[in-house]
2 protein chains.
Amino acid sequence: MESRRPRRTREKLLLGPGPSPVEGRVLRALAEPTLGHLDGDFVALMDETQELLRKTFQTSNALTVTMPGTGSAGMEAACVNVIERGDTVIIGDQGVFGQRMQDVAERCGATVIKVSAPFGKTLPEETLFEAIDSHPEAKLVGLVQAETSTGVLQNLDAIAAKVHEAGMLLLVDAVTSLGGMEVPVDRLGLDIVYSGSQKCLGCPPGLAPLTLSSRAVEVVRSRKTKVQSWYLDLTMIMRYWEQERFYHHTAPVNMLYAFNEALRIVDEEGLESRWARHRRNAEALWAGLEAMGLTLPVAKEDRLPSLTCLALPEGIDDGRLRRELMERHAIEVGSGLGEFRGRVIRVGLMGSGSTANNVLLFLSALAATLRRMGHPVDVASALERAEERLDGD
Amino acid sequence: MESRRPRRTREKLLLGPGPSPVEGRVLRALAEPTLGHLDGDFVALMDETQELLRKTFQTSNALTVTMPGTGSAGMEAACVNVIERGDTVIIGDQGVFGQRMQDVAERCGATVIKVSAPFGKTLPEETLFEAIDSHPEAKLVGLVQAETSTGVLQNLDAIAAKVHEAGMLLLVDAVTSLGGMEVPVDRLGLDIVYSGSQKCLGCPPGLAPLTLSSRAVEVVRSRKTKVQSWYLDLTMIMRYWEQERFYHHTAPVNMLYAFNEALRIVDEEGLESRWARHRRNAEALWAGLEAMGLTLPVAKEDRLPSLTCLALPEGIDDGRLRRELMERHAIEVGSGLGEFRGRVIRVGLMGSGSTANNVLLFLSALAATLRRMGHPVDVASALERAEERLDGD
């Protein structure tokens with residue numbers, strides 16, 4: 001028997017691609033006493049959580065639940081429940097997570113028609129529409145609304161109309177958007193939408209919110225074969241979330257406490273105010289970074305309010321920059337993924353991390369770090385431009 | 001914007017089939033500030049957790065990790081990584097979880113040879129050995145060591161020898177045993193073993209510990225097809241737990257804090273003492289229940305120390321009994337599953353819930369409840385018999 005020192009977690013400011021900072025209220029909820037997964041009080045909390053989640057998704061979809069895993073479990077749940085072996089599906093990619101969705105769909109035995117955008121750009125609608133026209137047999141179109149690897153936002157309005165006109169389902173990854181901007185579930189009739197707890201919703205990682213339209217539920221119910229994943233099989237999971245409370249798996253009870261509290265915070269702030277806050281702080285960040293002479297590789301109209309890719313100036317090493325930000329300032333940012341590896345850092349302003357002070361602090365810390373790395377920037381102008389944007393509304 | 005009252009979770013004594021009571025130390029660890037899943041401090045915690053988990057599994061297996069989901073995700077991970085479409089596998093069932101494993105294996109596209117025990121009994125070794133002899137093409141034998149639906153313990157000594165002699169892999173469900181009794185991973189060379197965080201390990205539900213022998217890893221590495229689950233694909237997950245820290249999914253960071261703390265507690269107590277404690281308290285419970293004239297449907301030598309099935313006396317309604325225990329005493333026990341539905345309750349003494357006081361309290365509360373339900377029992381003798389067993393060691 002050896003003795004270990006108690007852990008003391010050094011707090012860091014999480015300004016990367018997620019997890020985002022978690023408020024004390026949410027952490028305290030996480031630490032409430034564990035209840036049984038069929039306990040009456042816990043079941044009441046699930047009901048309330050489901051109601052709050054419908055509000056957050058802006059949907060009246062009956063099947064609105066959390067999957068017991070991280071965001072990628074949401075992606076997998078979305079695919080395995082709707083896709084059967086031999087189906088044709090069209091999946092767009094503007095980055096790593098679209099590519100992951102293609103991989104997941106292939107593992108479900110689907111023939112995947114791949115439509116790609118250049119890294120860092122949105123998917124051209126014409127190309128996607130051509131794929132839809134040439135593959136009328138396709139069961140669904142899968143897309144990433146908020147691509148976490150590039151910070152690109154895909155507008156879904158015209159796409160949703162086209163997909164539904166073609167009689168297909170629209171499957172949407174909203175991991176980095178839900179809670180930080182509109183995810184138009186009912187407005188556009190998005191059929192299968194999943195997200196993650198740890199981005200703009202401000203909960204620790206470990207749960208994947210998921211909602212299905214009644215059309216999608218009908219597709220799940222009329223499957224000819226069993227869902228290949230027992231763990232993520234919605235035909236059973238929906239019976240646990242419904243009145244029946246059919247035992248499936250042991251729900252991650254404490255994570256659901258935290259998720260409930262995080263959704264209460266979203267509800268108290270109000271969706272519109274929360275989106276406006278994410279938008280305002282992102283615009284301040286962008287204005288500040290541009291005033292420093294730095295380049296944002298994604299066109300302004302395609303940028304996510306929650307996550308910004310920042311191109312590194314010539315000669316600035318990505319690993320060293322992130323290390324200095326962490327070691328000197330205890331600020332976490334993300335590295336580039338895919339084609340952006342080594343060339344950008346990813347800066348997230350998500351959930352409770354999206355604040356005016358975090359914008360000012362990040363700009364100051366970045367300027368200090370770049371100066372130490374031999375690349376001085378005009379921090380005064382950066383802060384001034386940012387503050388103008390913050391005062392703007 | 002509506003206001004909701006803060007939740008106040010009424011504490012319950014969890015003496016059901018899991019989750020088990022979670023100690024304050026573990027709940028406090030859960031609530032530590034969230035870190036990034038690639039953060040240096042978090043990665044150090046993962047390394048320590050892995051070392052502690054190897055001690056708990058009594059293994060030197062390199063591939064010893066937690067899967068980001070509840071116990072059933074462990075079962076699914078065990079199956080999907082090792083099984084390929086068209087494989088033959090032999091899976092034994094002595095209850096609901098063995099049947100679930102058969103279902104999961106079928107969803108992986110395997111031909112499943114089913115060997116069944118009567119509900120509440122162990123699997124007869126001869127029947128299993130015959131299946132092994134008649135199916136030399138089988139890739140693996142899957143078994144439940146600790147069947148949570150019946151409280152039956154399956155001894156694995158002779159089975160492991162036979163399975164390995166036949167050149168097959170042995171896959172074992174240790175959800176309700178790990179931390180409460182021996183799970184002889186290295187001693188018997190068990191090849192794929194999974195468990196759950198929320199039983200004898202005393203952590204909230206949400207993680208599934210998993211360990212693979214080098215033989216099993218070799219089988220995974222030499223697969224001809226991709227693992228059908230992207231989320232549970234060990235060929236990628238092992239690269240995250242190893243030095244490379246390859247990004248796969250966002251780890252459930254706070255759950256891992258709690259799991260680390262729970263394993264520290266296991267380590268401080270020592271495995272042998274912990275098993276002895278589970279054994280001693282279970283025997284006291286059994287002695288007390290029998291002194292009340294109640295029937296334990298599982299033969300003594302086949303009983304799990306962590307979970308006991310108790311047959312209900314004639315005329316005692318299972319739902320009402322459980323409701324009274326909850327409402328009057330805030331004690332949770334489990335209902336019967338499968339063939340035991342409505343006929344038994346399941347009483348768990350797991351993790352920090354396995355205490356002498358909980359035995360005395362449960363016997364007293366049960367006796368009071370049965371008396372109120374018109375079935376008086378001899379509580380004095382029950383407590384006396386239980387205390388004799390508690391003093392025994």
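The values are calculated or read from the model by the stated rules, or taken from the named source; none is laboratory data. Computed from a predicted model, the values in this text were never measured in an experiment. Note: ideal-geometry Cβ built from the backbone for every residue, glycine included; neighbour counts use all protein chains shown.
Things worth noting here:
- Residue match in the stretch A:317-330 (condition: without any contact (Cβ under 8 Å) to a residue 40 or more places away in the chain and within 27 Å of A:A117 (Cβ to Cβ)): yes
- Within the stretch B:107-118, the set of residues being buried (at least 19 other Cβ atoms within 10 Å of the Cβ) and either aromatic (F, W, Y) or outside any strand (DSSP E or B) (or both) comprises B:R107, B:C108, B:A110, B:A117.
- Residue within the stretch B:267-281 that is within 12 Å of chain A (Cβ to nearest Cβ) and either in a loop (DSSP other than H, G, I, E, B) or at positive phi (or both) present: yes
- Residue check for A:D47: within 18 Å of A:P252 (Cβ to Cβ), surrounded by fewer than 22 Cβ atoms within 10 Å (Cβ to Cβ) and facing another protein chain (nearest Cβ under 7 Å): no
- Within the option set A:E268, A:E218, being closer than 18 Å to A:Q58 by Cα and without any contact (Cβ under 8 Å) to a residue 12 or more places away in the chain holds for one residue only, A:E268.
- Cross-chain or 6+ apart pairs with Cβ under 8 Å, the stretch A:24-42 first and more than 8 Å from chain B (Cβ to nearest Cβ), then surrounded by fewer than 24 Cβ atoms within 10 Å (Cβ to Cβ) and assigned to a helix (DSSP H, G or I): A:R25/A:I265; A:V26/A:I265
- With respect to the conditions (1) crowded, with 24+ Cβ neighbours inside 10 Å; (2) more than 14 Å from every other protein chain (Cβ to nearest Cβ); (3) assigned to a helix (DSSP H, G or I), B:C309 falls short on a single one, namely (3).
- Selected residue [closer than 17 Å to A:A262 by Cα, touching a helix residue (DSSP H, G or I) at 6+ places or on another chain (Cβ under 8 Å) and modelled with pLDDT under 95] from A:M46, A:M1: A:M46
- Single condition B:H164 does not satisfy, out of (1) crowded, with 20+ Cβ neighbours inside 10 Å; (2) in contact with a Gly (Cβ under 9 Å, 6 or more places away or on another chain); (3) over 30 Å from B:G336 (Cβ atoms): (1)
- Check on B:T211, β-branched (V, I, T), buried (at least 24 other Cβ atoms within 10 Å of the Cβ) and part of a loop (DSSP other than H, G, I, E, B): no
- Subset of the stretch B:312-329 [assigned to a loop (DSSP other than H, G, I, E, B) and surrounded by 13 or more Cβ atoms within 10 Å (Cβ to Cβ)]: B:L312, B:P313, B:I316
- Only listed residue being within 19 Å of the chain's Cα centre (by Cα) and within 30 Å of A:Q102 (Cβ to Cβ), chosen from B:Y240, B:Y231, B:Y247, B:Y194: B:Y194
- The stretch B:216-238: number of residues that are part of a helix (DSSP H, G or I) and loosely packed, with under 15 Cβ neighbours inside 10 Å: 3
- Every pair of residues 6+ apart whose Cβ atoms lie under 6 Å, when the first sits in the stretch B:341-369 and is assigned by TED's automatic domain parsing to the domain that holds B:A380 and more than 15 Å from B:L390 (Cα to Cα) while the second is in a helix (DSSP H, G or I) and at pLDDT 95 or above: B:G342/B:D318; B:A365/B:H329; B:A367/B:V379; B:T369/B:E324; B:T369/B:L325
- Of all residues in the stretch B:59-98, those that are away from every other protein chain (no Cβ under 11 Å) and part of a helix (DSSP H, G or I) total 5.
- Pairs linking a residue in the stretch B:144-159 that is among the hydrophobic types (A, V, I, L, M, F, W, C) to a residue that is surrounded by 24 or more Cβ atoms within 10 Å (Cβ to Cβ) and modelled with pLDDT under 95, with Cβ atoms under 6 Å and 6 or more positions apart or on different chains, are B:V152/B:Q94.
Residues checked against (1) closer than 30 Å to B:A160 by Cα; (2) touching a Cys at 6+ places or on another chain (Cβ under 9 Å); (3) not aromatic (F, W, Y):
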position	(1), (2), (3)
B:R28	no, no, yes
B:T49	yes, no, yes
B:K55	yes, no, yes
B:T64	yes, no, yes
B:A77	yes, no, yes
B:I83	yes, yes, yes
B:D87	yes, yes, yes
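- Residue count for the stretch A:274-306, restricted to those that are closer than 12 Å to A:G180 by Cβ, surrounded by fewer than 20 Cβ atoms within 10 Å (Cβ to Cβ) and small (G, A, S): 1
- Some residue of the stretch A:40-50 being among the β-branched types (V, I, T) and not assigned by TED's automatic domain parsing to the domain that holds A:D186: no
- Condition met for A:A78 (under 22 Å from the mean Cα position of the chain (by Cα) and of a type in the set (A, V, I, L, M, F, W, C)): yes
- Hey, A:A174 small (G, A, S), in the same structural domain as A:Q102 (by TED's automatic domain parsing), surrounded by 24 or more Cβ atoms within 10 Å (Cβ to Cβ) and more than 18 Å from A:L304 (Cα to Cα) or not: no
- Among the residues making up the stretch A:117-135, a single one is over 23 Å from A:G338 (Cα atoms) and of a type in the set (S, T, N, Q): A:S134.
- Looking only at residues of the stretch A:239-260 that are more than 8 Å from every other protein chain (Cβ to nearest Cβ), among the aromatic types (F, W, Y) and out of contact with any strand residue (DSSP E or B) (no Cβ under 8 Å at 6 or more places or on another chain), we find that the one that is surrounded by the fewest Cβ atoms within 10 Å (Cβ to Cβ) is A:F246.
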